[in-house]
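Notes for the one structure printed next.
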Amino acid sequence: MAFVSLKNWSERKGAENTAQAIALRATKELGAIRDATLFAMTPPSVDGLGQSNGFTFELLASGGTDRAELLKMRDELIGKANQDATLHAVRANDMPQTPQLQVDIDNSKAVSLGLSLSDVTSTLSSAWGGTYVNDFIDRGRVKKVYIQGDSDSRSAPSDLGKWFVRGSDNSMTPFSAFATTRWEYGPESLVRYNGAAAYEIQGGKCHRRQLRHRDDHHGNPCQQSACRVNLGMERAVATGKTGQRSGDEPVRHLHSGGVPLPGGTV
């Protein structure tokens with residue numbers, strides 16, 4: 001993250017030299033970089049109220065929509081929104097998918113070898129991820145105790161074969177006898193909102209007008225991206241009131257699977 005200080009207003013005359021106009025041009029230029037996703041944003045209208053000026057809404061999965069389909073819809077929605085001349089820097093507020101090591105356990109084979117599935121999962125999680133045991137006092141300070149395998153025994157996928165699980169007959173069975181590993185891409189964390197799978201999307205508008213007056217610009221990309229499920233919109237209610245974040249931009253929720261509300265806003 002970088003912070004850029006602009007010249008004094010007296011030296012930036014004209015609508016093309018406002019902070020928002022400069023951020024818009026910068027975002028377009030930064031979009032030419034393919035090795036990273038870069039964008040410029042202006043500070044919130046009120047200090048401490050949000051991280052930037054703009055709008056925020058949640059894309060929620062409902063009606064049986066799985067996360068893979070929701071992710072595809074999110075990318076399609078962001079792509080269409082960024083083609084709208086009245087919007088800019090529309091983006092997902094999460095980290096991109098990263099390589100992950102997937103461990104596939106053959107439950108039937110593990111049980112046939114006399115292993116308890118709970119022992120299998122607890123051994124794997126403790127050895128590779130670590131498990132909290134208890135606390136102890138060291139020179140007046142409370143410290144936590146964790147158990148975890150040595151780094152040289154959990155640094156490569158092949159290290160899985162170094163670990164064993166004790167069976168019902170006290171015999172030790174290696175993980176390689178009932179488990180395999182493979183690489184795949186996935187999110188660092190799975191975000192949920194009100195119990196449903198969700199993605200948070202942020203962005204800005206090119207003209208300082210109330211968001212509720214520009215329903216058509218938010219609705220069109222959303223409706224165009226609804227190629228397999230319907231999208232419905234409703235007011236965002238947080239802690240008993242309509243959420244206000246990032247200046248004068250209200251927070252809105254967008255649901256997949258539902259009937260759009262007449263005159264609804266995003």
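Listed values, structure above:
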| quantity | calculated |
| --- | --- |
| Among the candidates L77, L87, L49, L101, residue that is in contact with a Lys or Arg (Cβ under 9 Å, 6 or more places away or on another chain) and modelled with pLDDT of 85 or more | L101 |
| Any hit, region 123-136, residues being closer than 29 Å to E69 by Cβ, exposed (fewer than 13 other Cβ atoms within 10 Å of the Cβ) and polar (S, T, N, Q) | no |
| Residue among R192, R166 that alone is surrounded by 10 or more Cβ atoms within 10 Å (Cβ to Cβ) and under 30 Å from A92 (Cα atoms) | R192 |
| Search result, residues across region 86-105 that are more than 11 Å from G186 (Cβ to Cβ) and touching a helix residue (DSSP H, G or I) at 6+ places or on another chain (Cβ under 9 Å) | T86, L87, H88, A89, V90, R91, A92, V103, I105 |
| Checklist (1) at pLDDT 95 or above; (2) β-branched (V, I, T); (3) crowded, with 17+ Cβ neighbours inside 10 Å; (4) not in a helix (DSSP H, G or I) applied to V145, failing item | (3) |
| Count of residues meeting criterion [surrounded by 10 or more Cβ atoms within 10 Å (Cβ to Cβ), of a type outside the set (S, T, Y) and part of a strand (DSSP E or B)] in region 169-189 | 4 |
| Members of region 19-29 found to be at pLDDT below 85 and touching a Ser or Thr at 6+ places or on another chain (Cβ under 9 Å), listed by number | A19, Q20, A23 |
| Residue match in region 108-118 (condition: over 15 Å from the mean Cα position of the chain (by Cα) and under 23 Å from A36 (Cβ atoms)) | no |
| Test: residue in region 94-109 that is surrounded by fewer than 17 Cβ atoms within 10 Å (Cβ to Cβ), touching a Ser or Thr at 6+ places or on another chain (Cβ under 6 Å) and free of Cβ contacts under 8 Å to residues at least 60 places away in the same chain | no |
| Subset of region 27-45 [surrounded by 13 or more Cβ atoms within 10 Å (Cβ to Cβ), in a loop (DSSP other than H, G, I, E, B) and over 21 Å from the mean Cα position of the chain (by Cα)] | T42, P43, P44, S45 |
| Residue tally, condition part of a strand (DSSP E or B) and touching an Asp or Glu at 6+ places or on another chain (Cβ under 8 Å), over region 102-138 | 1 |
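The values are calculated or read from the model by the stated rules, or taken from the named source; none is laboratory data. Keep in mind that what you see is a predicted model, and the values were worked out from it rather than measured. Methodologically, a virtual Cβ is constructed for each residue, glycine included, from the backbone with ideal geometry; neighbour enumeration extends over all protein chains shown.
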